[in-house]
1. Does the range 294-304 include one or more residues that are open to solvent by 10 Å² or more (accessible area, probe 1.4 Å), of a type in the set (Asp, Glu) and assigned to a helix (DSSP H, G or I)?
2. For a quick check of your reading: which helices (runs of 4 or more DSSP H) sit entirely within the range 327-414 and have at least 2 residues that are assigned by TED's automatic domain parsing to the domain that holds ALA291 and touching a Ser or Thr at 6+ places or on another chain (Cβ under 6 Å)?
3. For the range 307-329, how many residues meet the condition of being touching a residue at least 60 places away in the same chain (Cβ under 8 Å), more than 11 Å from ALA60 (Cα to Cα) and more than 10 Å from the ligand (Cβ to nearest atom)?
4. Restricting attention to the range 1-37, and to residues there that are at pLDDT below 95 and of a type outside the set (S, T, N, Q), which single residue is farthest from the ligand (Cβ to nearest atom)?
5. Please determine whether any residue of the range 282-291 is within 16 Å of the ligand (Cβ to nearest atom) and open to solvent by 50 Å² or more (accessible area, probe 1.4 Å).
6. Conditions: (1) crowded, with 19+ Cβ neighbours inside 10 Å; (2) more than 13 Å from the ligand (Cβ to nearest atom). MET77 meets all but one. Number of the miss?
7. Within the range 151-162, identify whether any single residue is small (Gly, Ala, Ser), under 23 Å from VAL284 (Cα atoms) and within 8 Å of the ligand (Cβ to nearest atom), and answer yes or no.
8. Give all pairs with beta carbons closer than 8 Å in which a residue from the range 371-384 that is free of Cβ contacts under 8 Å to residues at least 24 places away in the same chain and of a type in the set (A, V, I, L, M, F, W, C) meets a residue that is in a helix (DSSP H, G or I) and open to solvent by 80 Å² or more (accessible area, probe 1.4 Å); count only pairs at least 6 apart in sequence or on separate chains.
Amino acid sequence: MSGSNVAVVGAGLCGCLLACFLARRGYEVTVYERRPDPRTSRPERGRSINLALSERGLNALRQIGLAEQVMADALPMRGRMIHPTEGELDFQPYSVDGQRAINSISRGALNNALLDAAEKAPGVRVVFGHKLVGLEPATGEMTFETEEGRVQVTAGVVLGADGSGSAVRGQLLAHDALTESLDFLDYGYKELSIPPADGDFALDPGALHIWPRGTSMMIALPNPDRSFTCTLFWPNGGTRSFASLSSPAAIERHFATHYPDLLPLAPNLVDDYHHNPVGLLGTVRCDPWHAHGRVGLIGDAAHAIVPFYGQGANCAMEDVVELDRCLADTAEDWSRALPLFHERRRDDTEAIAEMALANFVEMRDKVASPVFRLGKRVEHALERALPGRYVSRYELVSFSNTPYAEVRRRVQLQHRAVGVAALLAGAGLAAAGLRRWAP
Ligand code: FAD
């Protein structure tokens, strides 16, 4: 089947990057986006303003020559800054040398840079205000809702890069072409802001700030305008949840008790709290990610994850690199490339989905505990003692392109080896002790 005419649904991070990669292979690509052009319209309020870009996303951007431009405005974060309810801040470096960083970047600026790159690429057209509402997977016929009414378009290949609530996935489900599971977390998120203080950052911009509070958690990432965007994660229902605070006094009281150092830095707290929406968090799984050899899913549309490892966008961009590889390995036969892509990425995306969920527990519960801090120091000592042989999970996920499933396998082996070594060391000490005390 000829795939020279490709429709990409969704002009988010993944869709725009995908269009750039496909253009390099000579495809005619049309990207359909439901929203208006974000470069000329107002951004939505309170929707994930910034994100942490790390090696996997950078690796993809490097391949289309965009990494340098994107990194020009990035703010490197070399570790976590833990804010306890009382007491000193605690900085925990991400890497053993304290130098490696994840990068806080503006989601809007990244999306705009990718849109510009896609539009400049030969053979790519981006159309806004086109919301996919219908798809015949067998023929590639799509129906879009536009301001002028419904329009129908047919493409040789249709790629759904339309995010976690993917309409393409919904259409495949309606045609019995896949199965789907959506695991929503009991937690939602709300964005709050810390403006610059006297023209400067109100907190250290070289760290990702965390307020771990057991059943809730807040993080803050710096922005190029010297503000911070905070994301508060809290249960969706119950007596201690977003819904439990309504009056300005109750909101201020809650933050004064649980986030006392935030209150003086966030003059718009009550307004942000009232007006910014509560976003949903969850894991999306579906199987397969393709149908009829001509329709495929990619990025969040195929495998959305919770944001606690800062990997959703990085993973979506890594998907694009892998799909490109699958096209190369199948001589651009889409009916083989799409199943191969699913086969190669399935275990990796499942692994990062699990690690992201586990990281939520680590961030909200463990990072403040002395045992956790000791564990991190031991881990860094092992990395120094066994360079290249013992590498922490964080390092492998954020600072390497090692496939996620391989990271999971390797970390399990390392933990087992350390456990055995500790047992042996313990046994050795016990034997030495027995020898010393033996008559
Ligand atoms: P999206 O970014 O969702 O883009 C989908 C696009 O499709 C959108 O433009 C949408 O308008 C369009 N669309 C949707 N439906 C239709 C339709 N019917 N027709 C046409 N167009 C449509 N990831 C990281 O790597 N690092 C982070 O630090 C990080 N932080 C996060 C923080 C939060 C609070 C959240 C919620 C997520 C975070 N993520 C992070 C995850 C990241 O946002 C996603 O994984 C990433 O945006 C996925 O990109 P995508 O292009 O697949 O989907």
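1. The answer is yes, given that some residue of the range 294-304 is open to solvent by 10 Å² or more (accessible area, probe 1.4 Å), of a type in the set (Asp, Glu) and assigned to a helix (DSSP H, G or I).
2. Because the criterion is at least 2 residues that are assigned by TED's automatic domain parsing to the domain that holds ALA291 and touching a Ser or Thr at 6+ places or on another chain (Cβ under 6 Å), the helices (runs of 4 or more DSSP H) in the range 327-414 that meet it are 334-361.
3. Number satisfying all stated conditions: 2.
4. Of everything passing the filter in the range 1-37, MET1 is farthest from the ligand (Cβ to nearest atom).
5. Yes: the range 282-291 contains one or more residues that are within 16 Å of the ligand (Cβ to nearest atom) and open to solvent by 50 Å² or more (accessible area, probe 1.4 Å).
6. (2)
7. Within the range 151-162, one or more residues are small (Gly, Ala, Ser), under 23 Å from VAL284 (Cα atoms) and within 8 Å of the ligand (Cβ to nearest atom).
8. PHE372/LYS366
The values are calculated or read from the model by the stated rules, or taken from the named source; none is laboratory data. Bear in mind the structure is a predicted one, so any value in this text is a computation, not a measurement. Note that each Cβ is placed from the backbone with ideal geometry, even for glycine, and that neighbours are counted across all protein chains shown. Note: areas computed on protein heavy atoms with side chains; ligands, DNA, RNA excluded. Shrake-Rupley method; radii C 1.70, N 1.55, O 1.52, S 1.80 Å.
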